[in-house]
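Reviewing the structure listed below.
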Amino acid sequence: MSTPKEKLLFKPNSSGVVSVCLAYPGTREVALANLGFQAVFRILATTPGVICERAYQPDPGQALLSYESKRAAGDFDILAFSLSFESDYPLVVAMLDSAGIPARRQARDQSDRGWPLLLAGGPACFLNPEPMAPFMDLFLLGEAEEMLAEAFESANSWRGVGGAAVLDALCRVEGAYRPSDCEPVYGDDNRLSDRGTREGAAGKVLRRYVKNLDDAGARTVVVAPDAVFGDKFLVEASRGCEWGCRFCAAGFMYRPVRHRDSGKVLADAKAGLEHSRDIGLVGAEMASHPGITRTCSDIADLGARVSPSSLKADVITPGLAAALARAGTRSVTVAPEAGSERMRRVINKNLSEDEILRAADMLAADGVESLKLYFMVGLPGEEEEDRQAIVELVTTIRDRLLSAGRKHGRVGSVKVSINPFVPKPWTPFQWDAMMPVAELKDVLRRLRRSLGRLDNVQVDADSPREAYLQTLLSRGDRRVADIIETLARADKDQWWGILREMARGGASESDSANGTINPDDYVTREYGGDELLPWDFIDQGIDRDYLWLERRRSQAAIETEPCDVTSCVTCGAC
Ligand code: SF4
């Protein structure tokens, strides 16, 4: 089988004292579309003293080997996992099985064979690493750029020192979390009652972030035309978001919002034009970037296409709409998230229907042919009329897009993506339960039927069962590792059956003694306001009481102003 064509835009070390295998729980094509994975690979592969190779999900029955030299993952000093999505956790355990590495830390500790150190980092980890804690020796919590370089800065002095000494050295970096420092305790109510932090270990772990992103912003460093986004050259324009939508983890875990200097973004885009005519601008919400119109216009002047990630409708200006159209953007993503004004206030979307329709008109008038609209269902406080309002809003937008299209002799289309609400740590909705799967299925079936009657409207929806798994792995404590291991060794089409069996046979209060757990307890149960949450030990910089207050405001459908990082200290992140 021929090796896929790819080009590294940096020179990796050809030798080193410490060998690191950077693994992505997914295929190579998916991994290379992940800017975080690319950024971590470049940092490790150019850190003095480190030699780094990559590894991806092996084919069934195949061993986990490195991509570059086909070396067994178990032969590296460190096996580091880049974890962006919780639902990849079972795949991590399956990859360890395919490497012949005992998945559980304790099993490796008890064995006298020198296993690689198991490291993990990435967004999923710094929201809540606890479900994966029994498998990993160390987590690095937060943004990698500065933390990773610091953690490996003395790598050249690690020749001949054992894994334990290397682990100690890595643990000295701020943001390092050694799960063996704690032994959580569960109360009679089967809930987490204490972290069980050992004497001398830190009770809190700071989430690291990069204060000035101008020169640290990520961009494509491995050009791979066969990756998921094709040859699109990705440039990070901002990190975090000032709007504070109450369901959105990215809006809180990356606080405070940081917009990169437009000149730096444009310079990266220009560098990208040597490899592609299609520039993807990456960030949680692009229209709020202070220089976005200028940047898109400059890229258009260079004869290239620009594709910004999501745009908030009310901040799309006529200038931006025109620049996007000039830069060949034919499809734009707008996220109303909820159909009714009331529900948008509940989730703090700060977006009126007039603003959404004004944006649709502007984009259509400037030649944007299709709109991708994101909605969520199963949100806290959602009523049937809020769901009906989704159909009405889509109908109105479709009608306006088509009438604008007819004037320009073209037929527009609306792609509607409906996703079940997944309560995420470190958001105001972290205490809220997910809607039961059966109810969600019914809601989606009725919405699909109503929207399916509309011409020029396509609908796709995430699976409620996938949302259940994501919620379980997002809000779980260490005991969820048992479920991860069971799923890792079962066929995917058996997963739901296994989870239902566990829920049926799952723990009642009295089962806590033998530690059996009921997955529903982490998914469809509302967490108590004074409950110890598995992720409370992370210092995200955000005050827990602020999140609770935001939850109360959502229950009263009261909106909160967007962040003003120049003067505000409300949530504690600035
Ligand atoms: S302190 Fe204020 S401006 Fe800063 S992230 Fe928090 S809410 Fe936003």
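Here the Karplus relation 6.51 cos²θ - 1.76 cosθ + 1.60, evaluated at θ = phi - 60°, turns the backbone of the range 126-134 into coupling constants of 8, 8, 6, x, 4, x, 9, 4, x Hz, with x for every Gly and Pro.
Computed from label points 7 Å out along Cα-Cβ, the spacing between Ser331 and Val228 is 1.5 nm. Taking every DSSP helix (H) stretch of at least 4 residues in the chain, weighting each as -39,500 (n - 2.57) and dividing the sum by the residue count yields a mean residue ellipticity at 222 nm of -10000 deg cm²/dmol. Our note on the geometry: Cα centres of the range 254-290 and the range 149-222, 30 Å apart. A 1.4 Å probe run over the range 9-206, with the rest of the protein chains in place, finds 39 Å² accessible per residue. What separates the Cα centres of the range 406-445 and the range 1-45 is a distance of 33 Å. Per-atom-type breakdown for the range 9-206 gives carbon and sulfur 50% of the accessible area (1.4 Å probe, protein chains only).
Here the calculated FRET efficiency for Asp194 and Lys407, from their Cβ-Cβ distance with R0 = 60 Å, stands at 0.35, rounded to the nearest 0.05.
Calculate, for Ala490 and Glu29, the FRET efficiency according to 1/(1 + (r/R0)^6) with r their C-beta to C-beta distance and R0 22 Å; round to the nearest 0.05.
For R0 = 22 Å, the calculated efficiency reads 0.30.
Under the combined filter of DSSP loop state and at most 13 neighbouring Cβ atoms within 10 Å, the range 1-92 retains these trypsin sites (Lys or Arg not before Pro): Lys5, Lys70. For the range 379-404, backbone nitrogen atoms closer than 17 Å to the point 7 Å from Arg453 Cα along Cα-to-C-beta are found at 385-399. Look at the Cα gyration tensor of the chain: its axes a ≥ b ≥ c give a/c of at least 1.5 with a/b at or below b/c, and that counts as oblate. Taking 4.7 Å between C-beta atoms as the pairing limit, the chain has these partnerless cysteines: Cys21, Cys52, Cys125, Cys171, Cys182, Cys241, Cys296, Cys563, Cys568, Cys571, Cys574. In this label model, Asp536 and Arg104 are separated by 2.7 nm, measuring between points 7 Å along each Cα→Cβ vector. What is the range 61-163 by shape, rounded, prolate or oblate, if you read a ≥ b ≥ c off the alpha carbon gyration tensor as root eigenvalues and call it rounded for a/c under 1.5, prolate for a/b larger than b/c, and oblate otherwise? Rounded, since a/c falls under 1.5. With a cut-off of 9 Å between beta carbons, the residues surrounding Val185 carry a summed charge of -1, where Lys and Arg count +1 and Asp and Glu -1.
Largest accessible area first, the listed residues Glu392, Glu68 line up as Glu392, Glu68 when surface is computed with a 1.4 Å probe on the assembled protein chains.
Candidate cross-link partners of Lys349 among the lysines, defined by an alpha-carbon separation under 19 Å and a same-chain spacing of 8 or more, comprise Lys312, Lys372, Lys424.
The overall shape of the range 48-117 is rounded: from the C-alpha gyration tensor, with semi-axes ordered a ≥ b ≥ c, the ratio a/c is less than 1.5. Note on the range 305-355 and the range 63-108: Cα centroid distance 40 Å, given to the nearest whole angstrom.
The values are calculated or read from the model by the stated rules, or taken from the named source; none is laboratory data. As the structure is a computational prediction, the values presented were derived from the model and not from experiment. So basically every Cβ, Gly included, is an ideal-geometry build from the backbone, and we count neighbours across all protein chains shown. Heavy atoms of the whole protein, side chains included, go into the accessibility calculation; ligands, DNA and RNA do not. Shrake-Rupley method; radii C 1.70, N 1.55, O 1.52, S 1.80 Å.
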